[in-house]
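For reference, the structure is listed below as structure tokens.
The values are calculated or read from the model by the stated rules, or taken from the named source; none is laboratory data. From a predicted model like this one, the values you see are computed outputs, not experimental measurements. Reconstructed Cβ throughout: ideal geometry from the backbone, glycine too, with neighbour counts over all protein chains shown.
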Amino acid sequence: MYHRLHFQKVMKRIEGPRLFMQVLAGPRQVGKSTLAHQVRKSVAFPSHYASTDGFSSHNSDWIEEQWEIARQINIKANNTLGTLLILDEVQKIPHWSETVKKLWDEDTLNNVNLKVMLLGSATLLIQTGLGESLSGRFEVIPISHWSFEECRDAFDWTLEQFVYFGGYPGAAQLIKDEERWAHYIIDSIIETSVSRDIMLMTRIYKPALLRTVFELGCHCTGRIISYQKMLGQLQDAGNASTLAHYLELLSEVGLVGGLQKFSKDKLRQKASSPKLQVFNTAFITAQSHLSFKKAQKDTAVWKSLLECSIGAHIINAALGTKIEVFYWKEGNKEVDFVVRKGELVITITVRKPNKGINLRGIEEFSRLYSPQQNLFIGGPGIAIDKFLLTPLDYWIDSVAEDLKESA
């Protein structure tokens, strides 16, 4: 069973008292619908599942019809545990949140124990609807990209396969036909996320620029690039605020984002140049001319993919938690990743193959901010496969435990 941690979290909330709607939101094709069906099979009470996917004529009446079906199931069941209603891709229905609010409040007033789970591909779109009408009535459970542990357990993948193919479950059976696999990633994930999910979120005045920003994010992942420098590389680029907005939209659908520079000054932090980072290495390799075997033989390419997979692991693990992820750089002194949870700060540095590690960045950052721990990944440090197989919380919690014992 994949997405085990997500499954356990959802089950705990669904099996508990009816307090909030559960909203499963995340990128395309990471298993939200499958997870919902797993929950349906595991709960000890009846359920009803309905999806808008594949239909274009739905309106708010459809929500009321599905809700009423679930209510009737609940009446017939006549149990104290309630009934689960799952609405998939609900954001495609105009003004969906107003209808859901009305029906949820009716059930609350009438003591109807109907538990509701909403699924959506576009996090920003889901949260926009929730914020407008459903304040105080929902909990968001972000569903992230698959981890190496999940891919290893589900598909018996090696570290090398995960680093190159990125871990989309629907594409796992296609990896022996790399051309077919690449078409799946490009057509079903990238193009659909850009042309459908983002276009549904907001009006895009420069769609060609949006795609170019995505391509730049893939090509330059792991690099710190100012918006002004981006403008110099792009044609018809608009302005820096447009680029920042498009990068934020791409991040909201789980494609590529920009990490901010660590600083205790919030204004300086927001004004920093972004460090580009894809959420999944498949976005890079699917658009590459290098095959799986050739990519491993190209030292520079493979080193970049390893670093990218580590960055993707960190940002995906931080989704839906209180963990914040940054980078830090002053002049030629740099720290790859800075992870903060509350007052606890740790640095994560990726060792370069066949090279020693430059400690000047760590030393300067330590002098300025006194992190509680400095982690080194690769070489004589933490093995890359061990780091990718370990939840990010483990490193943070172990540091917190050590600090508690030494206090």
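Out of all the residues in segment 366-407, which are in a helix (DSSP H, G or I), without any contact (Cβ under 8 Å) to a residue 40 or more places away in the chain and closer than 28 Å to residue 330 by Cα?
Of everything in segment 366-407, those that are in a helix (DSSP H, G or I), without any contact (Cβ under 8 Å) to a residue 40 or more places away in the chain and closer than 28 Å to residue 330 by Cα turn out to be 366, 367, 368.
Select from segment 321-346 the residues that are buried (at least 16 other Cβ atoms within 10 Å of the Cβ) and outside any strand (DSSP E or B) and list them in ascending order.
The answer is none; no residue qualifies.
Collect the residues in segment 288-337 that are hydroxyl-bearing (Ser, Thr, Tyr) and touching a Pro at 6+ places or on another chain (Cβ under 8 Å), keeping them in residue-number order.
The initial filter retains those residues of segment 288-337 that are hydroxyl-bearing (Ser, Thr, Tyr), namely 288, 291, 299, 304, 309, 321, 327.
Result: 299, single match.
Hey, could you check segment 144-178 for residues that are of a type in the set (Gly, Ala, Ser) and surrounded by 21 or more Cβ atoms within 10 Å (Cβ to Cβ) and say which is farthest from the chain's Cα centre (by Cα)?
The first filter runs over segment 144-178 and keeps only residues of a type in the set (Gly, Ala, Ser), leaving 144, 147, 154, 166-167, 170-172.
Subset that is surrounded by 21 or more Cβ atoms within 10 Å (Cβ to Cβ): 144, 147, 166-167, 171.
Values: 144: 4, 147: 11, 166: 13, 167: 13, 171: 18 Å.
If we take residues in segment 144-178 being of a type in the set (Gly, Ala, Ser) and surrounded by 21 or more Cβ atoms within 10 Å (Cβ to Cβ), then 171 is farthest from the chain's Cα centre (by Cα).
Which one of the conditions (1) surrounded by 23 or more Cβ atoms within 10 Å (Cβ to Cβ); (2) more than 23 Å from residue 342 (Cα to Cα); (3) at pLDDT 95 or above does residue 294 fail to meet, given that it meets all the rest?
Exception for residue 294: condition (1).
Tell me whether segment 190-204 contains one or more residues that are surrounded by 15 or more Cβ atoms within 10 Å (Cβ to Cβ), assigned to a helix (DSSP H, G or I) and modelled with pLDDT of 95 or more.
Within segment 190-204, one or more residues are surrounded by 15 or more Cβ atoms within 10 Å (Cβ to Cβ), assigned to a helix (DSSP H, G or I) and modelled with pLDDT of 95 or more.
Looking only at segment 35-50, count every residue that is among the hydroxyl-bearing types (Ser, Thr, Tyr) and under 22 Å from the mean Cα position of the chain (by Cα) and tell me the total.
To start, the set of residues in segment 35-50 that are among the hydroxyl-bearing types (Ser, Thr, Tyr) comprises 42, 47, 49.
Of the ones still in play, those that are also under 22 Å from the mean Cα position of the chain (by Cα) are none.
Count: 0.
Residues in segment 258-279 that are part of a loop (DSSP other than H, G, I, E, B), in contact (Cβ under 8 Å) with a residue 12 or more places away in the chain and either among the aliphatic types (A, V, I, L, M) or within 16 Å of residue 247 (Cβ to Cβ) (or both): how many?
Matching residues across segment 258-279 total 5.
Sort out which residues of segment 99-143 are out of contact with any Gly (no Cβ under 6 Å at 6 or more places or on another chain), part of a loop (DSSP other than H, G, I, E, B) and either surrounded by 21 or more Cβ atoms within 10 Å (Cβ to Cβ) or of a type in the set (A, V, I, L, M) (or both), and write them in order of number. Step through it out loud before you land on a result.
Applying the first criterion (out of contact with any Gly (no Cβ under 6 Å at 6 or more places or on another chain)) to segment 99-143 yields 99-112, 114, 116-125, 127-141.
Going one step further and asking which of them are part of a loop (DSSP other than H, G, I, E, B), we end up with 110-112, 121-122, 134-137.
The answer is 112, 121, 122, 134.
Can you tell me which residue in segment 17-40 is farthest from residue 88 (Cα to Cα), limited to those that are out of contact with any Lys or Arg (no Cβ under 9 Å at 6 or more places or on another chain) and small (Gly, Ala, Ser)?
Top of the filtered list is 31.
Return only the number of the condition from (1) more than 19 Å from residue 194 (Cα to Cα); (2) at pLDDT 90 or above that residue 264 does not satisfy.
Among (1) more than 19 Å from residue 194 (Cα to Cα); (2) at pLDDT 90 or above, the lone unmet condition for residue 264 is (2).
Check 23, 30, 39 and return the single one that is of a type in the set (A, V, I, L, M), more than 23 Å from residue 197 (Cα to Cα) and crowded, with 18+ Cβ neighbours inside 10 Å. Show your work before the answer.
Working: 23 fails: more than 23 Å from residue 197 (Cα to Cα); 30 fails: more than 23 Å from residue 197 (Cα to Cα).
From the options 23, 30, 39, the qualifying one is 39.
Among the residues of segment 6-28, what is the count of those that are under 20 Å from the mean Cα position of the chain (by Cα), touching a residue at least 60 places away in the same chain (Cβ under 8 Å) and assigned to a helix (DSSP H, G or I)?
3
Out of the residues in segment 219-245 that are more than 23 Å from residue 282 (Cα to Cα), outside any helix (DSSP H, G or I) and polar (S, T, N, Q), state the one that is modelled with the highest pLDDT.
That would be 226.
List the pairs whose first member sits in segment 170-187 and is under 18 Å from residue 145 (Cα atoms), whose second member is surrounded by 15 or more Cβ atoms within 10 Å (Cβ to Cβ) and of a type in the set (Val, Ile, Thr), and whose Cβ atoms are under 8 Å apart, counting only residues at least 6 apart or on separate chains?
Within 8 Å, the pairs are 171/185; 181/175; 182/285.
Tell me, please, whether a residue that is under 28 Å from residue 5 (Cα atoms), among the charged types (D, E, K, R) and at pLDDT 95 or above can be found in segment 315-331.
Residues of segment 315-331 under 28 Å from residue 5 (Cα atoms): 315-327.
Subset that is among the charged types (D, E, K, R): 322, 324.
Checking which are at pLDDT 95 or above leaves us with 324.
Taking every residue of segment 315-331 in turn, at least one turns out to be under 28 Å from residue 5 (Cα atoms), among the charged types (D, E, K, R) and at pLDDT 95 or above.
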